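Quick notes on the structure that follows.
The values are calculated or read from the model by the stated rules, or taken from the named source; none is laboratory data. Here the structure is a predicted model, which means the values were calculated and not measured. So basically every Cβ, Gly included, is an ideal-geometry build from the backbone, and we count neighbours across all protein chains shown.
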Amino acid sequence: MAKTAFENPSDRKAYVITGPTSGIGRCTALELAKYGTVVLVGRDRRKLDEMQTIIGQKGQPAVSVVCDLSDLASVRRAAAEIVALNLPIAGLLNNAGIMQMRPTQNALGWDMSFATNHLGPFALTEALVPHLPDGANVVFVVSGVEDPERPPVKVMRLRGGRYISAEAGARGEWQQPGSKIPGMDAYATSKQCNLASAMVLARELPRLRINAVEPGINPATGLGGANGFMRFLFGQIITRLPPFNRYRSTPDRAARVIMKMVTDNSAETGTYYDHQGRPMMGSALVRDPKFQDRVVAETRALLATIPTGAA
């Protein structure tokens, strides 16, 4: 069940954030706590409780909701708990994500990276949307690695998103030839699906503000399952060189950009922002409305195959 140290936080705006216990998510949660109740959504109860205590010590309210985004049943339970809190949700930040060097599967046999990064956040968003007030912000944290023409992606000879279909992604299957870096096809494709979803939802739901953000290269956050040497090589050496240094950021800087988007009161929607908060372009593929619509339609069809009681 959701846990809170505050009896009645419903008189303040609330902000739901996934992946709030480390990196960019942690920094953003601390920033958002200045504006209202923060609903901390993550899979590790101990880490959530620690984060809730830190926020509470500052005199700011927080609520913990345990949720494994790779597990559809867990997502559905978490969404129900969040709704039951009856908080005035002003913002939803889909921040959590992983990049596995070796693919694993969840209980449904779905690829963990694709399920955690795309299917889970999409299901959580769709479950919460009916309960969001007009003008609420929904923000997806995505990644420029989905674009094969982006300079760092070209230099590293990556191939960007390799989408075939939502079902294929769930099976861990990607267009070939793929990246030679393990886990990058799953990561880039899932982030491309995040971006496509944000654009479709922005068109479908004009009463809300739905945007996406590329937080830049944040060496301090690590790379999922990457080993220590690779994190050091990429984070401390490669990202200081052109063209990577143009996109280098820190969790604190990224959090300030994201916080502004989640608390924004303007009418901006359907925009993709870079790590400095400026509008940017995604890949040619993800800019195609037909591709965007296909991703969302196939994602909804896949999720609909899992009955509520069977997830």
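Side notes on the structure shown:
- Qualifying residue in segment 64-71 (condition: crowded, with 16+ Cβ neighbours inside 10 Å, in a helix (DSSP H, G or I) and either among the hydrophobic types (A, V, I, L, M, F, W, C) or in contact (Cβ under 8 Å) with a residue 40 or more places away in the chain (or both)): no
- Of the criteria (1) more than 18 Å from ASN194 (Cβ to Cβ); (2) in contact (Cβ under 8 Å) with a residue 60 or more places away in the chain, which one ALA80 fails: (2)
- Test: residue in segment 39-48 that is over 23 Å from ALA123 (Cα atoms), at pLDDT 95 or above and either touching a strand residue (DSSP E or B) at 6+ places or on another chain (Cβ under 6 Å) or not in a helix (DSSP H, G or I) (or both): no
- Residue check for ALA267: at pLDDT below 95 and over 15 Å from SER190 (Cα atoms): yes
- Every listed requirement among (1) touching a Pro at 6+ places or on another chain (Cβ under 9 Å); (2) touching a residue at least 24 places away in the same chain (Cβ under 8 Å); (3) farther than 20 Å from ASP71 by Cα is met by LYS154 save one, (2).
- Residues in segment 85-107 that are over 30 Å from LYS13 (Cβ atoms) and touching a helix residue (DSSP H, G or I) at 6+ places or on another chain (Cβ under 8 Å): 6 in all.
- Qualifying positions in segment 15-25 - in a helix (DSSP H, G or I) and either surrounded by fewer than 21 Cβ atoms within 10 Å (Cβ to Cβ) or touching a helix residue (DSSP H, G or I) at 6+ places or on another chain (Cβ under 6 Å) (or both): GLY23, ILE24
- Residues that are modelled with pLDDT of 95 or more and hydrophobic (A, V, I, L, M, F, W, C), drawn from segment 155-183: ILE164, ALA166, ALA168, ALA170, TRP174
- Taken over segment 34-50, the criterion of being buried (at least 24 other Cβ atoms within 10 Å of the Cβ) and either free of Cβ contacts under 8 Å to residues at least 40 places away in the same chain or acidic (Asp, Glu) (or both) is satisfied by VAL38, LEU40.
- Of all residues in segment 159-179, those that are on the phi > 0 side of the Ramachandran plot and buried (at least 22 other Cβ atoms within 10 Å of the Cβ) have Cβ atoms under 7 Å from Cβ atoms of residues that are part of a loop (DSSP other than H, G, I, E, B) and hydroxyl-bearing (Ser, Thr, Tyr), 6 or more apart or on another chain, in GLY160/SER283.
- Residues in segment 277-298 that are surrounded by 16 or more Cβ atoms within 10 Å (Cβ to Cβ) and hydrophobic (A, V, I, L, M, F, W, C) were compared, and the one that is nearest to VAL213 (Cα to Cα) is MET280.
- Helices (runs of 4 or more DSSP H) (entirely within segment 94-210) containing at least 3 residues that are closer than 21 Å to THR308 by Cβ and under 19 Å from the mean Cα position of the chain (by Cα): 120-128
- Residues that are assigned to a loop (DSSP other than H, G, I, E, B) and at pLDDT 95 or above were ranked within segment 285-311; the one that is nearest to ALA196 (Cα to Cα) is VAL286.
- When restricted to residues that are farther than 20 Å from ARG150 by Cβ, of a type in the set (Lys, Arg) and at pLDDT 80 or above, segment 207-258 contains 3.
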